[in-house]
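The structure under discussion appears below in the form of structure tokens.
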Amino acid sequence: MAKYNPPDQPIVMQLFDIACLVAAIFLALWFPLYMGWAGISKNLEKIDNPTWDALKQNPTMVAQWEKLGFTPETAHAIIQNKWVYTIDWTQLIIMTVVLLGYFIFLFMASDREYRDVIDEKFNSK
């Protein structure tokens with residue numbers, strides 16, 4: 001039985017593949033931030049004239065904040081920035097459909113490639 005040798009791919013095309021993968025990863029991480037779907041919460045509970053007590057910080061917490069160089073005014077935006085855990089059902093459904101479509105395409109393309117390799121290896125036996 002002959003050893004299977006995959007087709008050669010030129011270096012230029014390998015570099016193009018790498019560039020496409022890097023661009024896809026960058027876009028997958030950047031696009032949700034750009035669209036405002038991820039990142040810092042927009043639900044800041046403002047406190048006028050914040051104090052450590054108003055921010056509900058105990059003496060141990062206050063000591064740690066002060067070691068980091070924070071005052072109640074500078075720590076206010078960090079402490080009061082609350083995450084809002086809500087589900088946007090439309091976006092969830094769209095994401096599910098896109099992911100399912102991608103995996104169906106991936107399995108169909110992989111099946112075709114697998115059958116081509118088997119056919120090439122065993123000469124349609």
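The values are calculated or read from the model by the stated rules, or taken from the named source; none is laboratory data. Since this is a predicted model, take the numbers as computed values, not measurements. With ideal geometry, Cβ positions are generated from the backbone for all residues, glycine too; neighbour counts draw on all protein chains shown.
At-a-glance table
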| read-out | value |
| --- | --- |
| ILE118 vs. criteria more than 30 Å from LEU44 (Cβ to Cβ) and of a type in the set (A, V, I, L, M, F, W, C) | yes |
| Residue among LEU99, LEU106 that is of a type in the set (A, V, I, L, M), more than 30 Å from ASN123 (Cβ to Cβ) and part of a helix (DSSP H, G or I) | LEU99 |
| Qualifying positions in segment 1-37 - free of Cβ contacts under 8 Å to residues at least 40 places away in the same chain and hydroxyl-bearing (Ser, Thr, Tyr) | TYR34 |
| Failed item, numbered, when ILE47 is tested on (1) out of contact with any His (no Cβ under 9 Å at 6 or more places or on another chain); (2) surrounded by 11 or more Cβ atoms within 10 Å (Cβ to Cβ) | (1) |
| Failed item in (1) part of a loop (DSSP other than H, G, I, E, B); (2) loosely packed, with under 10 Cβ neighbours inside 10 Å, with ALA38 passing the rest | (2) |
| Hey, ALA63 at pLDDT 95 or above and in a helix (DSSP H, G or I) or not | yes |
| Matching residues, segment 69-89, being surrounded by 10 or more Cβ atoms within 10 Å (Cβ to Cβ) and part of a loop (DSSP other than H, G, I, E, B) | PHE70, THR71, GLN80, ASP88 |
